[in-house]
Structure formats: structure tokens, C-alpha cells
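Below is one structure, written out as C-alpha cells; comments come after it.
Values quoted throughout were computed directly from the atomic coordinates according to the rules given, and no laboratory measurement underlies them. Everything numeric here is computed off the predicted structure, so don't read it as measured data. Every residue, glycine as well, gets a Cβ built from its backbone with ideal geometry; the counts of neighbours run over all protein chains shown.
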Amino acid sequence: MIIKFENTRKSYGGDAAIADFNLEIQKGELLVLLGPSGSGKSTVLKMVNRMVNHDEGQIFFHDQEINRYNLQDLRRRMGYAIQSVGLFPHRTVAQNIATVPKLLGWDTQSVQARVNELLTLLAMDPKQYAARYPHQLSGGQQQRIGVARALAADPDVLLMDEPFGALDPVTRSSLQVTLKQIQQSTGKTILFVTHDIDEALLLATRIVLLNQGRIVQVGTPHQLLQQPANDFVVNFLGRADLGLQQLSLRSIEPYVKAIEGTPPQHVIAHSVSLREAISRMATLHVSALSVVKEDGTLLGQVRAADLLENNHV
Amino acid sequence: MSELRAYSSLAPRHGSTQLVWSVGALLLLAYGLPYSQPLFAALFPDLARPVYVQEPMAALMWQHIGLVCLSSSIAVIIATLAGLATTHNTGQAFKPMMEIMAGMGQTFPPVAVLAVAVPAVGFGELPALIALSIFGMLPVLQATLAGLASVPSPVLDSARAMGMTPRQILTEVQMPLALPLWLAGVRTSVVVNIGTAAIASTVGAKTLGLPIIIGLSGFNTAYVLQGAMMVGLLAVTADLAFDKLAIGLHGPATSGVDNQA
């Protein structure tokens, strides 16, 4: 267990922003704090690195109460990425990423190697981007640098406060994919705040649904969708779309069948979700699609009738 | 933020050619004046003595520059330190008071400061130095506060969250980002001080205001013109020099701040 909240409470002028908060976060989790505006999800995140101090209860980081750490030491062990990015405008991309390693006293060579490694990890060519200033980057590129900066000193935990909230849907989705890959390859523990249900369902290994400063339900995306604790969960996740949301959690792969006769005219990648496949069929007005791998080889086909039957789950 | 944008768009206004011309004209006038008898005699045929020779114009210019440099240095150091102190916990309480003081600088006439200084310390260089130092502080104080306020709060939040100490945040984030606005304030302060130092001649300081005052009291318009040209050229030269400095110091940083909003 890497982080543990015990009866944590935070109030602003008598009103509890967070109350009776108990949660254990395991190493390697991508835990999404989900909830409507004002539910306290950002406050929970900011209490972890003491950007906001909790009033009551305890928060443990590696089994030690966070108030017993030196403030700067604690923060340097946690990466931090926010929606408005907050890159240093007077420093280059490389200098921005190097911030925490420099604070920790890494030597120049290690810093530079780490900067190149991270730029590559986030699909930014070091030669092209390392010497640029933040204002010379697009919003999506700035947030990539923000994530790289948060990862720079290989922190134990990554705290992310709606990091992709200000980006256009295409950029957001590509960054979500990048983040998920990074999390899977590095096994990093990530606390991720969002109010975007699709984002939460896509990224989370576990979701903590909050309302008015209290936990409503904790569980995997599947658990929240299939065994919602109460009406709030059902309403928040979207009553009408519930079926589609569930489809978005499943890959089409088990539904791929061998082709008999001519393959369907339109194709789809084998890695997409059931939801995407059905959406594609609806837009193209077809009832079957050819399924291909990344390199273009034909795997088979999927048919609408098969996708809607539940016998594969 | 908008102030910063306005400043950065003004900055690349002049090239270095103007600065060279301006310095050349200033030196030519200062050192060439004793030889310009025929020119001013032709321009002011009614005057018996059309060229100011009571003291060498060049010497007055250097005294003027010396007074401005000293008073502006005092003003910049004190005002900057006072402004930076507001970022500290204990200094924060003084911020509203400093803002009022800085705002007063916009309306308070420099002559009034001079007039108050004379009864306190007598005539001579000292009241001039005191008045110029005090008057020079206000634009710098205001610019320092505005510069610090211009640092975007997400940038400060990330600096804190990454584990920078308050001192590191001040020196590595707040000060570099406040620099363009601060420099604009220093520029205003120095340019205004150059003009005010001319008035300081009325309390006995030897500056380029001397020919103007002697000319005004003796109905010698040639003296007034010569003194006024010197003061004007000196102010323009200083302004151009600050332009060069502003462009040289923070091209990338100024434009960068805009995009972070």
C-alpha cells in the first residue's frame, strides 16, 4: 500500500469539503477520482502532496503520515500535472522537464539522458523539441511536456488533476492512450482526477466516485457499471448510455469470425471496443465489418448480430 | 498580462542606429557648444551672449548624469527590495500600503518633493538627491508589484508542487518572470528622474537645468534652448538604451508568458 487515507476531513469555513474519507491505494493502480464539480475530488488529490492541508484524520505515504515528511522532500517524490499545465515560460522544454531532477541534485549527464528518454516516451523528438520554449508548442504538446516533467524524477506516485480537460477530443484521446501505455509499461501508481466518465472508464483500474465530499462507490469500471451502489451512481454514469458504456469496456476480438465469401467492404482495427465497432456500423449503414491488424492483414469479420448478443462475456 | 503584452510589443520599436545617433548628438552638443558662437549668434541676433559659457556644458551633463545614476540606484535598490518583500509572509501585510504609495507616485508632482526636501536639509545637492531618490522609487515599486502579480498562478502552483522552496520559487520563477515589467518601471523611473534633475537646479544642484533657469530669469532664450536640448537628448538616449537592454534580456521570456494564460 502506497497511500492510505484514514478518516480524513477537510473543511472550509465550517463546511466539510471532504469528510469520513477512507481509502487505500495500492502500488501500480491507476485510481481515478471521479465526481461532479464541487465533489471534492481535486481536494483529495491536493491533500496528498499537501498543496491543501487536511484538518483531521491521517494520510499515510509509504506508512508514514505525510505531515511528518519534509514538505519539499514529499513533493519531490510525487509527480504533479494539472489542467493548465503550468510550464515555466522562461525555460526551455528540456529545462522544464529537468526541474525536479535538478532539485534532487542529479548530475548534468543523467538529467540530459532522462530528458531525452522522456521526450521519446511521450512521442516528441528530442532533437526537435528539447530547445523550444513552451509558447512554441501546441496545447497538446505542452501537456505532453507537463506529463514528462511530472515523470522526470521517477516519482513513486503521479498526481494528475484533470490534465487533459482543456484539450480537443482528438488530442485528449491520443494522450489518454499514451498515459495508459506509460502506466502499463512502468507500473507507476497514478491518482487521476476527472469529471469525464468516458475518460474514467477508459483509464481506471479502479474508480472512486465522489459526491459532496464523500465516497459514493469504489470499484473497477465493470463493478460501477454492473453493480451500481445507488441511484446517484446510475445517474452519474448516464442511465441512457449504460449499455453503450459497458460495450466500450469490451474488445471486439472475441467476436471476430472467419470470412465466408467476399469480405465486407469497410474495415476496422482489431483493437477497438464493441462500442466503436457498433458506432462505425451505424454511421456506414452496414451490418458487418472486416477486421484487420495494425499491419493490414485481414483477421476476419464482425457482424452486428454477434456483437449485440451477450454470450461471449 | 495585458500590461506585459503591451510592453513587449513596444519593446522592439527602435534599432541600435537611433541610439548611436542620439549619443552622437548629445556629445556633439555638449562638447561642441563653445564653438557654436556663430550659429547661435545668427539664430538669436538680439542677444549679446547667445552661448551659455558660465560653466562647461559637458561638465554639467556629467554632473546631471551622476546625480541621476546615484538617485536612481538608491531608488531601484530600495523599491525592488520592498516589492520583493511582499512575497514573503511577513512582508505581505505591507503590500496594500505599498500599492497606495506606488499609486501616489502617479499624481504627486516632483517639484513638491523638492520643495519639501529644502526646508529639511537646506540647499545644494542633498535635497536634490533625496527628492530624486524618493520620487524614483514609486514607478519601480509599482513595476515590481505588477511584475510579481503577472506570474501566472498555475506556474506558481507547479513550482510549489514540484517541491521548490519559497526562496527557489522567488529567484528561479518569480524574479525572472517579473523582470520585463520591472525593467519597464526602472526605465520610467530613470527617464522621469532625468527631467526632474533639471528642476533640481532651482534648489542649488548643478545640473543641466542651470542654463534653463539662468536663461529664464535673464530673458536669454538661447540659454533655455541649449539647456532644454541637452536634457531632452539625454532623456531620449537613456530611453533608447533601455530599449536595447529590454530586447537583449528577454526576447523569449516575454512572449512565453503570454501563451501561458
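One table, with the values for the structure above:
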item: Computed label-point distance, nm, for sites A:GLN128 and A:ASP154 using a 7 Å Cα→Cβ extension; result: 2.8
item: Residue range of chain B that is longest and free of chymotrypsin sites (Phe, Trp or Tyr not before Pro) which are both DSSP loop and sparsely packed (at most 15 other C-beta within 10 Å); result: B:1-122
item: Between segment A:66-126 and segment B:190-241, the Cα center-to-center distance that results, in Å; result: 54
item: Among B:TRP182, B:ALA102, B:THR202 the positive-end extreme of the charge dipole of the protein assembly as shown (Cβ point charges); result: B:THR202
item: Difference of contour (0.36 nm per residue) and Cα-Cα distance, A:ASN235 to A:SER251; result: 3.3 nm
item: Burial ordering of A:VAL111, A:VAL291, A:VAL177, fewest other beta-carbon atoms within 10 Å first; result: A:VAL177, A:VAL111, A:VAL291
item: Rounded FRET efficiency, nearest 0.05, which uses the C-beta distance separating B:SER16 from B:VAL53 and R0 of 30 Å; result: 0.35
item: Residue of A:ALA148, A:ALA204, A:ALA229 that the Gaussian network model of chain A assigns the largest fluctuation, springs spanning Cα pairs under 10 Å; result: A:ALA229
item: Dipole magnitude of segment A:253-308, debye to nearest 20 (Cβ charges: Lys/Arg +1, Asp/Glu -1, about Cα centre); result: 140
item: Degrees between helix A:108-121 axis and first principal axis of chain A (Cα, 0 to 90, nearest 10); result: 30
item: Interchain or long-range residues, amide H under 5 Å from A:VAL157's placed H; result: A:GLY79
item: Low-density loop cleavage sites - trypsin sites (Lys or Arg not before Pro) in segment A:184-272, where at most 11 other Cβ are within 10 Å (DSSP); result: A:ARG239
item: Proximal aspartates and glutamates relative to A:LYS27, as straight alpha-carbon distance under 20 Å, when same-chain residues fewer than 8 apart are discounted; result: A:GLU6, A:ASP63, A:GLU65, A:ASP73, A:ASP154, A:ASP156, A:ASP161
item: Positive-end residue, segment A:3-245 charge dipole about Cα centroid, Cβ charges, pick of A:GLN143, A:ASN53, A:VAL111; result: A:VAL111
item: Helix axis angle, A:169-186 relative to chain A longest principal axis, alpha carbon, degrees; result: 70
item: Given charges at Cβ of Lys, Arg, Asp, Glu: the protein assembly as shown dipole, positive-most of B:PHE242, B:VAL23, A:ILE182; result: B:VAL23
item: Under Karplus coefficients 6.51, -1.76 and 1.60, residue-wise ³J(HN,Hα) of segment B:144-156 in Hz, glycine/proline x; result: 5, 5, 5, x, 5, 5, 7, 6, x, 5, x, 5, 5
item: In Hz, Karplus ³J(HN,Hα) per residue of segment B:166-178 (6.51, -1.76, 1.60; θ = phi - 60°; x = Gly, Pro); result: x, 5, 5, 4, 5, 7, 9, 10, 5, 5, x, 7, 7
item: Nearest-0.05 FRET efficiency for A:THR120 and B:ASN89, computed from C-beta distance (R0 45 Å); result: 0.60
item: Highest-fluctuation residue, B:GLY227, B:GLY248, B:GLY83 considered, GNM on chain B with Cα pairs under 10 Å; result: B:GLY248
item: Gyration tensor (alpha-carbon) shape descriptor, the protein assembly as shown, a/c threshold 1.5; result: prolate
item: Angle in degrees between helix B:221-249 and the longest Cα principal axis of chain B, rounded to the nearest 10; result: 20
item: 5 angstrom amide H check on A:ASP55, placed H, neighbours 5+ away; result: A:ARG9, A:LYS10, A:SER11
item: Span from the segment A:13-52 Cα centroid across to the segment B:106-134 one, whole angstrom; result: 58
item: A:SER11-B:GLN37 pseudo-label distance in nm [points 7 Å out on the Cα-to-Cβ vector]; result: 9.1
item: Sequence-separation-based contact order of chain A, relative, with Cα cut under 8 Å and 6+ spacing, percent; result: 19
item: Most mobile of A:VAL157, A:VAL234, A:VAL193 in a GNM of chain A (Cα contacts under 10 Å); result: A:VAL234
item: Peptide-level mean, for A:102-108, of C-beta atoms on other protein chains within 10 Å; result: 1
item: Phi to ³J(HN,Hα) by Karplus 6.51 cos²θ - 1.76 cosθ + 1.60 over segment A:193-209, Hz, x for Gly, Pro; result: 9, 7, 10, 8, 5, 4, 4, 4, 5, 6, 8, 5, 8, 8, 10, 10, 8
item: Sparse-neighbour loop sites [GluC sites (Glu not before Pro); segment A:220-307; at most 14 other C-beta within 10 Å; DSSP]; result: A:GLU260, A:GLU294
item: Global form of chain A, assessed from the alpha-carbon gyration tensor, a/c cut-off 1.5; result: oblate
item: Cα gyration tensor shape for segment B:65-212, rounded if a/c is under 1.5, else prolate or oblate; result: prolate
item: Sites A:THR262 and A:LEU242, calculated FRET efficiency, Cβ-Cβ separation with R0 22 Å, nearest 0.05; result: 0.05
item: Projected label distance in nm at A:ASP55 and A:HIS222, using a 7 Å step from Cα toward the beta-carbon; result: 4.0
